[in-house]
Amino acid sequence: MTNFPETARDRIVSVLSISPIPEDHCALQDILRHLRIAEDPDCIFTLKPCNTLTGAIGAFRQRQIEVVVCERDLQPGSWKEVLDQVTILPDPPALIVTSRLADERLWAEALRLGAYDVLAKPFDRMEVVRVMSGAWRAWGGPKRLPARRERQRLKAATAQA
């Protein structure tokens, strides 16, 4: 993770991008680099790219993730397995499913099972901003971020003692 000043660290929104397609990570990184939220314009969205389900599970154990953007087909695995993993986390992130074949069937299934939304690829900048902002708000947005960071600091301090 990039070293940000202490006050800025409380404004970092961690996004995990899970996809075997490198272009997905690049496109999301480009969009997130410029993303600003009206409720908290100082928030910084950081992207952690991950190519596999196994790598994603490791990322969930290493740090808090607020939003997950996951390709429908991971090979091996799928977004449904990612959803199973995030729902057991103590502070589960919002899950956004992506696909080149994002149709009504996928959208209905994703929402029914508990995903936040579905994004079609190639990514449309305005749609990604809308969905990402909404997912962050659904997670709890500006109200939860500072309080959660304080809990993490206390937990780390207790573990070091």
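We did not get these values from a lab; they are worked out from the coordinates using the rules stated. Since the structure is predicted, the reported quantities are computational estimates derived from the model, not experimental observations. Note that each Cβ is placed from the backbone with ideal geometry, even for glycine, and that neighbours are counted across all protein chains shown.
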Next item on the list: With an 8 Å cut-off on Cα pairs and a minimum separation of 6 or more residues, tell me the relative contact order of region 10-160 in percent.
Entry: 23
Margin query: Check which residues have an amide H placed less than 5 Å from residue 119's amide H, if you skip close sequence neighbours.
Written below: 97, 98, 99
Check: region 14-42 to region 53-121: how many Å between their Cα centroids?
Finding: 15
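For region 21-99, what D do you get in µm² per second when you plug the Kirkwood radius from alpha-carbon pairs into Stokes-Einstein at 20 °C and 1.002 mPa s?
160
Net charge near residue 31, counting Lys/Arg +1 and Asp/Glu -1 over other residues with Cβ under 13 Å of its Cβ?
Details: positive: 33, 36, 121, 125, 130; negative: 23, 24, 30, 124, 127.
Value of the local net charge: 0.
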Item checked: Simple spin-label estimate for residue 126 and residue 63 in nanometres, 7 Å along Cα-Cβ -> 3.2
Check: Share of Cα-Cα pairs in region 10-160 beyond 22 Å, in percent?
Finding: 36
Margin query: Ranking request for peptides 80-90, 130-140: highest mean number of other beta-carbon atoms within 10 Å first, then the rest in descending order.
Written below: 130-140, 80-90
Next item on the list: Amide H neighbours of residue 13 under 5 Å, at least 5 residues apart or on other chains, H built in the peptide plane: list them.
Entry: 44, 45, 46
